[in-house]
1. Residues that are modelled with pLDDT of 95 or more and within 24 Å of Leu40 (Cβ to Cβ): find the strands (runs of 3 or more DSSP E) completely inside region 56-162 holding 3 or more of those.
2. If the Cβ limit is 7 Å and pairs must be 6+ apart or interchain, which residue in region 151-166 that is on the phi > 0 side of the Ramachandran plot pairs with which residue that is of a type outside the set (D, E, K, R)?
3. Here are Arg8, Arg13: which of them is at pLDDT 95 or above, exposed (fewer than 13 other Cβ atoms within 10 Å of the Cβ) and part of a strand (DSSP E or B)?
4. Restricting to region 60-79, name every residue that is hydrophobic (A, V, I, L, M, F, W, C) and touching a residue at least 40 places away in the same chain (Cβ under 8 Å).
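The values are calculated or read from the model by the stated rules, or taken from the named source; none is laboratory data. Given the structure is predicted, the values throughout are model-derived calculations rather than measurements. Cβ placement follows ideal geometry from the backbone for every residue including glycine, while neighbour counts extend to all protein chains displayed.
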Amino acid sequence: MNESVIIRQLTPREAYEQIGALSAVLIDCVEGGASVSFMLPLTQERADAFWQGVADDVAAGERILLVAHDASSGIIIGTVQVILKQPENQPHRADIAKMLVHNRARRRGVGAALMRAAEAAAARAGKTVLVLDTVTGSDGERLYERAGWVKSGIIPNYALWPKGGFCDTTVFYKQISAA
């Protein structure tokens with residue numbers, strides 16, 4: 001990975017302060033075709049509302065929000081979340097969600113670095129089983145396989161592409177050691 005990229009966990013205050021920058025990454029990814037829960041057109045208001053909810057969860061201790069930012073400009077170029085809040089019979093599990101890398105920062109190792117940081121943050125939080133899903137055949141699927149995630153299956157027609165039309169989803173898990 002390029003040394004000019006820094007991965008760090010946002011505090012609750014920073015999560016609220018960075019809503020606009022996080023929205024810019026989300027909008028770029030959705031406009032680029034990423035199936036990450038949103039349909040086109042994705043307005044600034046809808047993106048901001050999503051990140052407001054994420055920041056609320058960070059403040060409540062239910063979610064960890066990590067960002068990759070350009071060290072020289074400070075611009076956020078990627079993000080990933082670790083969802084800590086789980087049902088009472090799954091206190092050892094966390095979900096990895098919304099691993100997003102801005103188009104201009106792709107193929108530089110940012111996604112892999114975000115995933116390593118997410119796994120480490122989950123381990124520090126005492127989690128030992130991680131779960132995620134991604135579009136089948138996507139760059140994300142290849143990234144997770146290279147990072148040692150185990151494919152548990154494919155769900156046909158699980159979600160829609162941002163412009164419409166079904167896409168399949170591959171579900172992954174990874175066993176880790178708590179820190």
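1. Numbers: elements: 63-70, 76-83, 93-101, 129-135, 150-160.
By residue number, 76-83, 93-101, 129-135, 150-160.
2. Final answer for the pair search is Gly153/Val171; Asn157/Phe166.
3. Values: Arg13 fails: part of a strand (DSSP E or B).
Result of the check over Arg8, Arg13: Arg8.
4. Within region 60-79, the first condition is being hydrophobic (A, V, I, L, M, F, W, C), and the residues that meet it are 60, 64-68, 71, 75-77.
Once the filter is applied, which keeps residues that are hydrophobic (A, V, I, L, M, F, W, C) and touching a residue at least 40 places away in the same chain (Cβ under 8 Å), region 60-79 yields Ile64, Leu65, Leu66, Val67, Ala68, Ala71, Ile75, Ile76, Ile77.
The rows are residues; the columns are (1) of a type in the set (A, V, I, L, M, F, W, C); (2) closer than 20 Å to Ala120 by Cα; (3) in contact with a Gly (Cβ under 8 Å, 6 or more places away or on another chain).
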site	(1), (2), (3)
Trp51	yes, no, no
Val58	yes, yes, no
Val67	yes, yes, yes
Gly74	no, no, no
Thr79	no, yes, no
Gln90	no, yes, no
Ala97	yes, yes, no
Arg106	no, no, no
Val110	yes, yes, yes
